[in-house]
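These notes concern the structure reproduced below.
The values are calculated or read from the model by the stated rules, or taken from the named source; none is laboratory data. Remember, predicted model here, so these are calculated numbers, not experimental data. Every residue, glycine as well, gets a Cβ built from its backbone with ideal geometry; the counts of neighbours run over all protein chains shown.
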Amino acid sequence: MKKAIYSDKKIVIDILTLSFYDNQSVNYIISEKHNKTQIKALMDYSFEQCYLFGSIYLSDDMDACALILYPQKKHFSFKAIWLDINLIFKAIGVTRIFKALKREAAIKKLQPKIDMAYLWFIGVIPSSQHTGIGSKLLTEIIEAKTKEHLPVFLETSTVINLPWYKRFGFEIYAKLELGYTLFFLKVDQN
């Protein structure tokens, strides 16, 4: 695993766009189902947020990536405001702002207010899925965050991924119904 640098942005966005094309939670946020341009805009936003307030990791072969956000490090900045505005116009759409804000408020209500590593996205390009790359990356992330004494939190709407996360010690601590079920998971190996 290596820490991504800014010049890795395109590859990270490409991996995540391909990985999350059919994801319920992503398609709930964007204004049209399966619109790659809007998904890319969401992933661009997520990359920028994690570059400002988190960490971005790539697998050694550059076929998998993970975006980690440290909510405790987020603070006001004009760049963050600009990113939010771009997200609205390029991914969510003005007519869906309230739906997106309501969803985010419900999520934040269920997330604990503690120092954490929030695994926002982890993805593997489809041609390399089921080869162990994602498992290796997730293992390395958990080990690194354990050394930093940070529990790892995430949400998933992909039910078939629940057993995979559980193999790494994640436990479901909450659920949110949004027309699909969003599962809240955590692993704390400190």
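Points to keep in mind about this one:
- Flag if Lys147 is exposed (fewer than 13 other Cβ atoms within 10 Å of the Cβ), without any contact (Cβ under 8 Å) to a residue 12 or more places away in the chain and under 22 Å from Tyr28 (Cβ atoms): no
- Residue list for the stretch 92-134, restricted to those being aromatic (Phe, Trp, Tyr) and touching a Gly at 6+ places or on another chain (Cβ under 8 Å): Tyr118, Trp120
- For the stretch 18-41, the set of residues classified as closer than 27 Å to Gly132 by Cβ, buried (at least 21 other Cβ atoms within 10 Å of the Cβ) and free of Cβ contacts under 8 Å to residues at least 60 places away in the same chain consists of Val26, Ile39, listed by residue number.
- Every condition in (1) outside any loop (DSSP other than H, G, I, E, B); (2) in contact with a strand residue (DSSP E or B) (Cβ under 7 Å, 6 or more places away or on another chain) holds for Lys166 except the one numbered (2).
- Filter result for the condition that a residue is under 15 Å from the mean Cα position of the chain (by Cα), in a helix (DSSP H, G or I), aromatic (Phe, Trp, Tyr) and farther than 23 Å from Lys145 by Cβ, over Tyr21, Tyr28, Tyr51: Tyr28
- Residue within the stretch 104-115 that is in contact with a helix residue (DSSP H, G or I) (Cβ under 7 Å, 6 or more places away or on another chain) and at pLDDT 95 or above present: yes
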